Amino acid sequence: MNKYIQALVKNVRTKLESWFNGQGTIEHQEIYRFLHSIAGTAATIGFEQAGEAARALMGQLNEDDQKEWEKDELQQFLFPLISIFYYEELTTIDEIIERKQDFKDKKLILLIDDDPAVIMLLKEVLQENGWVVLTAANPEKAIHSYNDLNPDCIIINYMVQGKSGLQVLRRIRKELNQPFTPAIIISKDTSKDTRVSSYQHGADDYIVIPFEADEFIVRVRRQLERKQAIDELVFHVERNEERELETVSSEGEIKVSDNHIHVGIVDDDPIIRTMLTDLISKSKMVEGFTLEIKAFKDGMEFYESNWYSQHNRPYLIILDGMMPRMDGMEVLKKLRGLDDQDKFTIIMLTSRKNEHDISSAIQLGADDYLTKPFKLLELETRLGYLIKRMKL
């Protein structure tokens, strides 16, 4: 979006918010001048959609009318224009992604909603606290761009574009494997069943509209603080993972026993990585073996590391099925395409449960397949069996 359109968008939003958040009625002449200004400016700067909408609305008005407009009536009348200026992605998702570095010190809140009144209210309240707010009326676009945006909090209307916001949340939680990003459901529905259903679908909070702005901000801030605490934990976990787990002699050579195994854990969930590292390193199933355990946060990091090609000794690879950049199935296919692929024993550890996915993994060369959620004892037993049958 060019800077002139950005300026027009800012001015129009400021005027609309002053009307709808102010007291009293709005004069007809002020509304007519407002539309006239948009029609002329938008056409000049190439924002044809806004110009056409403004001209269409002007055509419904008599310039000399002395009417006083109530806020609710005006909001309904201006709805076509509000739609353009608030949820046609004027601050586009692509722009936010491109400028993500500019917002690195600010919290990004993704608002998935198509109600202009709610959008105006929430954007004003949230932005007053210094948070960056990205509005998406199209749930599919928000989901598609989610990993690139990596928001600190998601706010979803219970109903958006005639569909359930809970289905949007379910997809974010399950398909995108984002269990830790705070999610708030907002709704005019006060029923207990709706609240309970929202929590069952993964919501961290449920806020009824209308709400008190100060309470709303406190509840959002609490979720952001929780996300920051999780991010800090992830940072420390990943920093510890980067430490060399191999024992190095004074000459820099790796000391290995005859039963040395390289264990690679490839999963985008830091909690899973930490848990598996701890489970394997302490398991009785690996007594008598010398282990080098290395964890990777996604398939691309693993593949580009070339860690798996540095030794001719056996490798046990634990792959998550669904990860950003390169998923477990792609990694599996690449490993089985190597000349020395026999040195790899590979177990898929994933939430994909349908028979087609399981069959595909086995056909590509997976030695075992375990679905999440899993029992630690079962996983430990299977890993022990795989280690014992490896060619040492």
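Just so it is clear, none of the values below were taken in a lab; they were calculated from the coordinates. Since we're looking at a predicted model, the values are computed, not measured. Counting neighbours? That spans all protein chains shown, and the Cβs are built from the backbone with ideal geometry, glycine included.
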- FRET E, pair residue 377, residue 311, Förster distance 41 Å, beta-carbon r, rounded to 0.05: 0.85
- Message: Using a 10 Å cut-off around each Cβ, can you sort 268, 357, 278 from fewest to most neighbouring Cβ atoms?
- Response: 278, 357, 268
- Size descriptor, Kirkwood hydrodynamic radius, that averages inverse alpha-carbon separations across the stretch 260-389, Å: 14.6 Å
- Message: Given an 8 Å cut-off on Cα distances and at least 6 residues of separation, report the relative contact order of the stretch 260-389 as a percent.
- Response: 25 percent
- Item | With Cα atoms, 0 to 90° folded angle of helix 213-241 axis to the chain main axis | 20 degrees
- Query: GNM on the chain, C-alpha springs below 10 Å: top fluctuator among 277, 181, 190?
  - Reply: 190
- Item | Separation of alpha-carbon centers, the stretch 9-86 and the stretch 104-178, rounded to whole Å | 26 Å
- To the nearest 0.05, how large is the calculated FRET efficiency for residue 338 and residue 191 if R₀ is 45 Å and r is the Cβ-Cβ distance? 0.20
- Fully extended, how many nm does the chain gain between residue 77 and residue 43 (0.36 nm per residue separation, minus their Cα-Cα distance)? 10.1 nm
- Query: Counting each DSSP H run of 4 or more residues in the chain as -39500 (n - 2.57), what helix-only mean residue ellipticity at 222 nm follows after dividing by all residues, to the nearest 500 deg cm²/dmol?
  - Reply: -15000 deg cm²/dmol
- Using only alpha carbon pairs under 8 Å that are at least six residues apart, calculate the relative contact order of the stretch 172-226 and give it in whole percent. 36 percent
- Total lysine pairs under 18 Å (Cα atoms) in the stretch 260-389, excluding pairs fewer than 8 apart on one chain: 13
- Structure-derived semi-axes √(5λ) of the Cα gyration tensor in Å - corresponding label in [x] 35, 28, 19; [y] 31, 30, 20; [z] 54, 21, 18: [z]
- Message: Between helix 3-21 and the chain, what is the angle of the helix's C-alpha long axis to the longest principal axis, kept within 0 to 90° and rounded to the nearest 10?
- Response: 70 degrees
- Message: Pick from 160, 118, 196 the residue whose mean-square fluctuation is largest in a GNM of the chain, springs joining Cα atoms under 10 Å.
- Response: 196
- Message: Which of 313, 33, 222 ends up with the largest GNM mean-square fluctuation for the chain, with Cα atoms connected below 10 Å?
- Response: 33
- Message: Can you find, among 40, 28, 76, the residue sitting farthest towards the positive end of the charge dipole of the chain, where Lys and Arg contribute +1 and Asp and Glu -1 at Cβ?
- Response: 76
- Nearest-5 percent of antiparallel DSSP beta bridges in the chain? 10 percent
- Taking Cα atoms, how many degrees apart are the long axis of helix 48-58 and the longest axis of the chain, rounded to 10 and kept between 0 and 90? 30 degrees
- Item | Normalised alpha carbon radius of gyration of the stretch 94-204 [divisor 2.2 N^0.38 Å] | 1.02
